[in-house]
Amino acid sequence: MSNALAEIYNYSTGGFPLGRIAASIIIVLLAFALKCVLSSILKKTGKKKLGFIAALARDLIKPGSFLIIIVGIYVSLLIHSLPLSTVDWIKKVFLFLLTINILWLIMRTIDAVSEQMADIAADTESRMDDQLIPILRKLAKFIVVAIGIIFYMQSNGYPVSGIIAGMGIGGLAMALAAQDSISGIFASVVIFLDRPFMVEDYIEVNGVTGTVEEIGIRSTRIRTPEKTLVTIPNKEIMDSNVNNYSKRPMRRTTSTIGVTYDTTPDKMEKLLIQLRQMLRDDESIDNDNIFVNFTGFGDSSLDIDMKYFILTTDYNVWLNKREALNLNIMRIVYGLELDFAFPSTTVYLEK
């Protein structure tokens, strides 16, 4: 049996190694078949399992399939009696693709691990881990790529130590050229340690207001109320004043009420008393900072300024509470048989 297979493998006609060509085709077809089997297994694992195993299985489908294909093609080429220069070229190409594929596999594994860590961090009260995980993921990928490049260069006989030593000669020039990037990295470290804001905080910096979506190694991404995504270098953030609205314990609210000029002083006093009492009786209002005052005579109204703090930082809750207070204000005004003023002009004619 082995002799028959050897004869088929070594069969050639007209100078063409038909046996080896057929073997190469069979090897490539087996590689594609194995790739389909692996993809099917990983897809089913990704659907059936939960957590890290499922994420890893889904992320490894493409790099795992690519690895099988390049190995199959590499083996199918090496079984032929090729010139030594061609074999060396094939080995270099295969080593390059293999290095890329291994880096791809490790990158996907890092993504799966970071996704699992992000799920765990989402269940904790602290948001520091939510901020740290993206930075660690990018740092891990950077280290992996650097190691991969060094490995590939050493495998191809490049003098890596000499190149690294030679980099010291141009190190100063490179440092000067990359000083903005380096300062951005240091700024991100300062942001992480000092924590002027964190992910999901609502901040204002350099005239940009919005929610922090990501704090990267070089820049921070902010989602504005208009749903646009603004990227600000961390260096600029550290050189600017940062207003973190999420750190306030309550939201300041102001409103001006204008009643008509036919309001008597007695009714104005009753109105002020009832407005103050309404705010004091509300548990969602800070009683130490309630200001309700008759402030002046407008062009067409008697003006009352109201300043108070609602004990919430949530914007939607604040809007709903302010709406309820405005309705109560209307009830008080109409309950005293008063009217809200509106711009008007009175013309007096003399006979």
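Bear in mind these aren't lab numbers, they're just calculated from the coordinates by the rules spelled out. Bear in mind the structure is a predicted one, so any value in this text is a computation, not a measurement. Cβ: placed from backbone, ideal geometry, glycine included. Neighbour counts: every protein chain shown.
Exposure proxy check: Glu213, Glu115 ranked by fewest other beta carbons within 10 Å?
Glu213, Glu115
Asp281 to Thr209: FRET efficiency via 1/(1 + (r/R0)^6), r the Cβ-Cβ distance, R0 35 Å, to the nearest 0.05?
The computed FRET efficiency comes out at 0.55.
Taking the number of other C-beta atoms within 10 Å as the exposure measure, put Trp318, Trp89 in order starting with the fewest.
Trp89, Trp318
Rank these for me by crowding, Glu337, Glu214, going from fewest to most other beta carbons within 10 Å.
Glu337, Glu214
Dipole of the range 251-335, Cα-centred, from +1 at each Lys and Arg C-beta and -1 at each Asp and Glu C-beta, to the nearest 20 debye?
For the range 251-335, the charge dipole is close to 120 debye.
Given a Förster distance of 25 Å, report the FRET efficiency between Ile100 and Ser240 from their Cβ-Cβ distance, rounded to the nearest 0.05.
Rounded to the nearest 0.05, the efficiency is 0.05.
At a threshold of 8 angstrom on Cα-Cα distance, excluding pairs fewer than six apart, so keeping six or more, what relative contact order does the range 251-335 reach in percent?
Contact order relative to length: 37 percent.
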